1. Non-local amide H neighbours of Glu225 (under 5 Å, H modeled in plane, Pro and chain starts lacking H): which ones?
2. Can you sort Thr257, Thr51 from fewest to most other Cβ atoms within 10 Å of each residue's own Cβ?
3. Could you give the nm distance between label points at Glu97 and Glu288, where each point is 7 Å from its Cα heading toward the beta carbon?
4. Lys147: which lysines have alpha carbons under 21 Å from its alpha carbon, excluding same-chain residues fewer than 8 sequence positions away?
5. Which ordering of Phe8, Phe190 is given by a fewest-first count of other beta-carbon atoms within 10 Å?
6. Collect residues whose amide H, placed 1.01 Å from N in the peptide plane, falls under 5 Å from the amide H of Gln210; neighbours closer than 5 in sequence don't count.
7. Order 358-369, 139-150, 171-182 from most to least packed using the mean count of other Cβ atoms within 10 Å.
8. For each of His68, His96, count neighbouring Cβ atoms within 10 Å of the residue's Cβ, then give the residues from fewest to most.
Amino acid sequence: MSNTFHSFGLAEPILRAVTELGYRDPTPIQAQAIPVVLQGRDVMGAAQTGTGKTAGFALPILQRLMPHANTSASPARHPVRALILAPTRELADQIHENVRQYAKYTGLRSAVVFGGVDIKPQIAALRQGCEVLIATPGRLLDHMGQKTVSLAQADMLVLDEADRMLDMGFLPDIQRILHALPEQRQNLMFSATFSSDIRRLASSFLNDPQVIEVARRNATAENVEQRVYRVADLEAKRAAVGQLVRERQLAQVIVFTNTKIGAGRLARQLERDGLNAAAIHGDKSQQERLATLDSFKKGEIVVLVATDVAARGLDIAELPAVINYDLPYNAEDYVHRIGRTGRAGASGLALSLMTGEDERHHADIEKLLGRKLDAERLEVPAAARARERVRDRGEPGTERRARPARSSAPSRAREAPPPAVAGHSSDPFFFEPYVPAASSSDVDAPVMAAERAGARRPRRAVAALLGGGKKR
């Protein structure tokens, strides 16, 4: 096992960039993966989130591409030679930022393409040429369909967060992309967790891979303190968030909710409580999400309330804590949520809130982790609970009719789980499947079509089904 980045034999331009970034000792996944990738072998790498997987595959890829580095202005001298697929826009953008920093002195170019934004600037960037392309599957297929990108010389492929791609229903898109790549190539698969489905996918396209696991499956970082608090009801849970932020003097925190409406409502309530808060979820435009993330990274926002769109791909340096306002529907998302803190060896804090209705989710998480997470009682002052009750009555969009007496019906019924994809929760705006663009001029057609498809069937098709279509 290597002890320094210099011992990997990386080229001087790459080492210079790594040194500027403050990298000193490689993490376990980097120490094990980089030498294997440099040998040209396929890799199936499992490591908990926040352990440096991106550098584990990006640095050796850049090293292998160094013979092709040049300063020519001709796009033909910069064809796509390495393709990195990521499940979400934020993760793709984060990987691109890392690759750009690592390659700044090499002459190698990189580009990123993802949905939800105008495709024209991406086309212009691709026409300039790039050796490393980072993409989400749906938008990459859009570019392939419009013939604005060629993968004919891409002899390296990376699937990052591959388990999430399967959860989101990207398998058909991935298969289409695999068929467009040269048969002779190096394949790398990295993920925080490996399910049996992932292992089946790996067996279908990895060639005698080196399996690298630096932590047992579904493990959480040992340097993250995990605490679970039981509260009386939903009103107490809302008041508890502000209470925990103040009592623990959290300079910054990500608070995870299961629904978009819940994220927006909680952020507004925290703002009224005097905390600088903002929400990020799928109903926000891509520009709004990026602007919010940038403000959070700068420390201008203290509390970032997010749905699981932010559970992967966010790389906030030294984030001290996360709070699970809702326990996730999918237990594996718990691992990824709390992986936002305690990154790169730093200590972290993961706090979770639960009511009696969350018992099943709590049990699923314990089963996944193979350990007990004992819930301790959190008392919320009556005054704080009263404020939340008043706000709930006046909150825009909430029901104003008289409530019946407390019943056995779940209080979360007003916030139904998001639509499921392959058995797991997802955000349809953020995780749209690939839908071909209607024409090259309609740049946002794939995203708009996906949003409509996630909500309801096209009106015309329903009318025909009911016998109400136009007579011909």
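What follows draws every value from the coordinates through simple rules; no lab data is involved. Note that the coordinates shown come from a computational prediction; the quantities given were computed from them, not determined experimentally. FYI the Cβ positions are ideal-geometry reconstructions off the backbone, even for glycines, and counts take in every protein chain you see.
1. Under 5 Å from the amide H of Glu225: Gly348, Leu349, Ala350.
2. The fewest-first ordering by Cβ neighbours comes to Thr51, Thr257.
3. Those two pseudo-labels are separated by 2.1 nm.
4. Lys120
5. The fewest-first ordering by Cβ neighbours comes to Phe8, Phe190.
6. Asp42, Val43, Met44
7. The densest-packed peptide leads the list: 139-150, 358-369, 171-182.
8. His68, His96
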